[in-house]
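Notes follow the structure.
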Amino acid sequence: MCRSIKPLYNYEPPATSEDVHAAALQYVRKISGMTRPTRGNEDAFARAVESVTAASQQLLRELVTSSPPKDRALEIERARARAAVRFGAPAA
């Protein structure tokens, strides 16, 4: 599950709030051990996702780097190429 969480810092275009929320959701799912909370846990789960989202957005705003931003599209292509080598090309 955590493999779904991708680095969000120092990319062009920058991570959207939806990207940050999705990463927070994956993190809360991982540490809670549930993909969907029970009714009794829904509120706690939602609060945790919102807290992690807020903390992540603050972190991304405050980080400083001197390196140029990476091209998100180029990084996606590189990841696909690595996956093709590792798992084989998908069937056509």
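Out of curiosity, is A83 in a helix (DSSP H, G or I), over 15 Å from A15 (Cα atoms) and either touching a residue at least 60 places away in the same chain (Cβ under 8 Å) or aliphatic (A, V, I, L, M) (or both)? In short, yes.
Can you name every residue in the range 1-48 that is in contact with a strand residue (DSSP E or B) (Cβ under 7 Å, 6 or more places away or on another chain) and part of a loop (DSSP other than H, G, I, E, B)?
Keep residues of the range 1-48 that are in contact with a strand residue (DSSP E or B) (Cβ under 7 Å, 6 or more places away or on another chain), which gives 10-12.
N10, the sole residue that qualifies.
Okay, residues lined up against (1) of a type in the set (S, T, Y); (2) exposed (fewer than 11 other Cβ atoms within 10 Å of the Cβ); (3) out of contact with any helix residue (DSSP H, G or I) (no Cβ under 9 Å at 6 or more places or on another chain); (4) free of Cβ contacts under 8 Å to residues at least 40 places away in the same chain:
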site: T35; (1), (2), (3), (4): yes, yes, no, yes
site: R39; (1), (2), (3), (4): no, yes, yes, yes
site: E42; (1), (2), (3), (4): no, no, yes, yes
site: V49; (1), (2), (3), (4): no, no, no, yes
site: A55; (1), (2), (3), (4): no, no, no, yes
site: L60; (1), (2), (3), (4): no, no, no, no
site: L63; (1), (2), (3), (4): no, yes, yes, no
site: P69; (1), (2), (3), (4): no, no, yes, no
site: R72; (1), (2), (3), (4): no, no, yes, no
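Of the residues that sit in the range 2-17 and are at pLDDT 90 or above and surrounded by 14 or more Cβ atoms within 10 Å (Cβ to Cβ), which one is nearest to S67 (Cα to Cα)? Step by step, filter the range 2-17, then rank; the result is N10.
The values are calculated or read from the model by the stated rules, or taken from the named source; none is laboratory data. Treat the numbers as computed from the prediction; the structure is a model and nothing was measured. Here the Cβ is made from the backbone with ideal geometry for all residues, glycine too, and neighbour counts use every protein chain on show.
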